[in-house]
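Inspection log for the structure reproduced underneath, given as structure tokens.
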Amino acid sequence: MWNFIAICIHMGLDKKSTLHNYWTRHPVLYSLVAPKVMVRERFLSILAFLHINDNDSFVPHGQPDHDRIQKIRPFIDYLNAKFKEVYQPQREVCIDEAMIPFKRRSRFKVYLKNQPTKWGFQLYELCESSSGYVWSVEMCCADKRMSNKPDDVTMRLLQPLLDQGYRLYVGMPADLFRNRQRPGDFDFRRKGQLMF
């Protein structure tokens, strides 16, 4: 399984037009990692049958406890737990949104016209400002149990860090780090970004 994950990470770093190009013998497209780690047919069979969550615990759509991302929820929870276990962020943190490109059908695919990637899955990330380390991730899935308003998402992501002296930066204007605020100070800007 670790070999499968290693190939997936490698595919994110070395992008090719099709999945089969990672196993090609063509000298221009040849990849060093994938053919040495796993045979293509084995990788494709794992990819076809990979399940992260048990389907027996699935709650149908329309039921009170339905979770739209139920199939990947354990993976996201595991990642968030490991992100928090491995590293404690410095005092300056920021919340940003990320987009996973996706153009096929999905209930929680979003369209953002001013982004380079316009269609896909939207993520909200709590990151350390200096290094960009992602400390917590939440997927925007239009779940009726949770609000996706910016205030609510911010409070959910910041919950473990509240009342510990952290500074939240929303956006990164150049003058923001020159004029540092003392803990507890607020700076509201009419034009530009907002800082808590």
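No lab work stands behind these numbers, since they all come straight from the coordinates. Note that the coordinates shown come from a computational prediction; the quantities given were computed from them, not determined experimentally. Here the Cβ positions follow ideal geometry from the backbone for every residue, glycine too, while neighbour counts run over all protein chains shown.
Brief remarks follow.
- Order of T154, T18 - criterion: other Cβ atoms within 10 Å of each residue's Cβ, fewest first: T18, T154
- For region 2-49, the calculated P(r) over all alpha carbon pairs, in 10 Å bins from 0 to the bin holding the longest distance, is 26, 64, 10, 0 percent.
- The alpha-carbon atoms of region 73-176, seen along their principal axes, cover 42, 35, 23 angstrom, with the largest extent given first.
- Backbone amide hydrogens, once placed in the peptide plane, bring R167 within less than 5 Å of E92, V93, excluding anything fewer than 5 places away on its chain.
- Summarising the label geometry, the points placed 7 Å from Cα in the beta-carbon direction at R40 and Q164 lie 4.7 nm from one another.
- Residues of type lysines that K82 reaches as a straight line, Cα spacing below 22 Å, ignoring anything fewer than 8 places off in the same chain: K71
- Among the listed pairs K16/K84; K16/K36; K113/K149; K15/K103; K118/K149; K15/K113, those beyond 28 Å (Cα-Cα): K16/K84
- Sorted ascending by nearby beta carbons within 10 Å, beginning with the fewest, L126, L44 become L44, L126.
- Counting 0.36 nm for each residue step from L13 to L79 and taking away their Cα separation leaves a gain of 21.8 nm.
- Listing K118, K82 from fewest to most neighbouring C-beta atoms within 10 Å gives K82, K118.
- Stretched out straight at 0.36 nm per residue, the stretch from S131 to V86 would grow longer than its current Cα-Cα span by 14.8 nm.
- Between W2 and K113, the FRET efficiency estimated from the beta carbon spacing at R0 = 35 angstrom works out to 0.35.
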